[in-house]
Amino acid sequence: MSNNLLDYEDFKGRILAEATRFYGDSANVQIRSVVKNNGVKLDGLTITECGSNISPAIYLNGFYSEYVGGRSLQEVVRKIVEVYERNRAEKCFDLSCLGSFESIRDRLGIRLVNYERNRDELRGMPHKRFADLAIVYMLVFNHTNFGNASMLIKNEQKSLWGVGDDELHAAALAGALLIQRPVVRKLTDYIREFMDEEEPADDMTVLTNENGLYGASVMVYKGLLESMSKSRGGDLYIIPSSVHEVIILPVSDRYDPACLRDMVKSVNETVVEPSEILSDNLYVYHCENDRISLAG
């Protein structure tokens, strides 16, 4: 590393000092280590203004890459301030709504995460095993300035609410259908919108949700794959593109499951962000008994 560049720890210290100086006594500025999906650890800068009790975490790891790539420290600080100002909260969040299960029932949603990659974190939160994955539960606050702010439910909240595993699971699935509505799109349309690449087979379909965040969870929605299998005339392969979406295609001699599995693993290793990997495996939806399993 060039002698003129700060190492990462010094970079964090300078960012903290500059942000603290910029906001002065009007805000509390901190850097906290945050464990994201799949055990990925990031450093989040939080700016909590006086009179507010919420603040988005602005992750510094990517900003350091920009700094090493040539962006000046002053430019980085300016960009961080811009990110915060675009996402700042205008008022306090009413924490009293978290006091009872009934008060949060209509805000419940779900995520799908990899079980082994999140084993340690899952010890502290209610979840339901699903193949090599786990269904976890969250509160979704779409009405905030953060757009799609959410909070994973921990064992402490579940105990506070006095709710059982089955009731929490059923309520979260019901809530997800309302606040994380499924979206079904042809992969050809998806590719044309986001990437300038050769078009895939026309029988590939992307499943996600309306906001595109943790949309892979729609694969467990009751009736969705059943309806798709009827229109396709049989079983379906489910390719875990990321935690945000899955790709569906019909089971046929046209596709070799071993090749599909190798493709998933290769894409995860070279394209998908570590915190956004869902699985290296391939799944099959069996229309005969409405069941999802790992492809053999």
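Here are the criteria: (1) assigned to a helix (DSSP H, G or I); (2) within 30 Å of Tyr137 (Cβ to Cβ). Tell me which single one Gly44 does not satisfy.
Of the numbered conditions (1) assigned to a helix (DSSP H, G or I); (2) within 30 Å of Tyr137 (Cβ to Cβ), the odd one out for Gly44 is (1).
Taking the conditions exactly as written (assigned to a loop (DSSP other than H, G, I, E, B) and of a type in the set (Val, Ile, Thr)), does Val272 satisfy them or not? Explain how you work it out, then say what you get.
On the way: assigned to a loop (DSSP other than H, G, I, E, B): yes; of a type in the set (Val, Ile, Thr): yes.
Criteria met by Val272.
Give me the pairs: first residue in the range 225-236 and modelled with pLDDT of 95 or more, second residue among the acidic types (Asp, Glu) and surrounded by fewer than 13 Cβ atoms within 10 Å (Cβ to Cβ), beta-carbon distance under 6 Å, and six or more apart or on different chains, which are they?
Glu226/Asp290
Quick one: count up the residues across the range 6-23 that are in contact with a strand residue (DSSP E or B) (Cβ under 9 Å, 6 or more places away or on another chain) and touching a residue at least 24 places away in the same chain (Cβ under 8 Å).
Result for the range 6-23: 7.
Among Leu213, Leu282, which is within 26 Å of Gly39 (Cβ to Cβ), of a type in the set (A, V, I, L, M, F, W, C) and modelled with pLDDT under 95? First the steps, then the outcome.
Values: Leu282 fails: modelled with pLDDT under 95.
Of the residues listed, the single one that is within 26 Å of Gly39 (Cβ to Cβ), of a type in the set (A, V, I, L, M, F, W, C) and modelled with pLDDT under 95 is Leu213.
Restricting attention to the range 24-41, report how many residues are free of Cβ contacts under 8 Å to residues at least 24 places away in the same chain and in a strand (DSSP E or B).
The number of residues fulfilling the criteria is 6.
For the range 253-266, check the following and say yes or no: at least one residue is in the same structural domain as Ser229 (by TED's automatic domain parsing), of a type in the set (Phe, Trp, Tyr) and over 15 Å from Met219 (Cα atoms). Spell out how you get there, then give the answer.
So in the range 253-266, the residues in the same structural domain as Ser229 (by TED's automatic domain parsing) come out as 253-266.
When the remaining residues are screened for being of a type in the set (Phe, Trp, Tyr), the result is 255.
In the following step, the residues that additionally are over 15 Å from Met219 (Cα atoms) were identified as 255.
For the range 253-266, residues in the same structural domain as Ser229 (by TED's automatic domain parsing), of a type in the set (Phe, Trp, Tyr) and over 15 Å from Met219 (Cα atoms): present.
Quick one: count up the residues across the range 27-57 that are more than 20 Å from Asp7 (Cβ to Cβ), aliphatic (A, V, I, L, M) and touching a helix residue (DSSP H, G or I) at 6+ places or on another chain (Cβ under 6 Å). Spell out the reasoning first.
Keep residues of the range 27-57 that are more than 20 Å from Asp7 (Cβ to Cβ), which gives 27-30, 34-40, 46-57.
After this cut, where a residue has to be aliphatic (A, V, I, L, M) as well, the list is 27, 29, 34-35, 40, 47, 54, 57.
The next check asks that each one be touching a helix residue (DSSP H, G or I) at 6+ places or on another chain (Cβ under 6 Å); those that pass are 29, 40, 47.
Matching residues across the range 27-57 total 3.
The values are calculated or read from the model by the stated rules, or taken from the named source; none is laboratory data. For clarity, every value in this text was computed on a predicted model and none was experimentally measured. For neighbour counting, all protein chains shown are included, and Cβ atoms are generated from backbone atoms with ideal geometry for every residue, glycine included.
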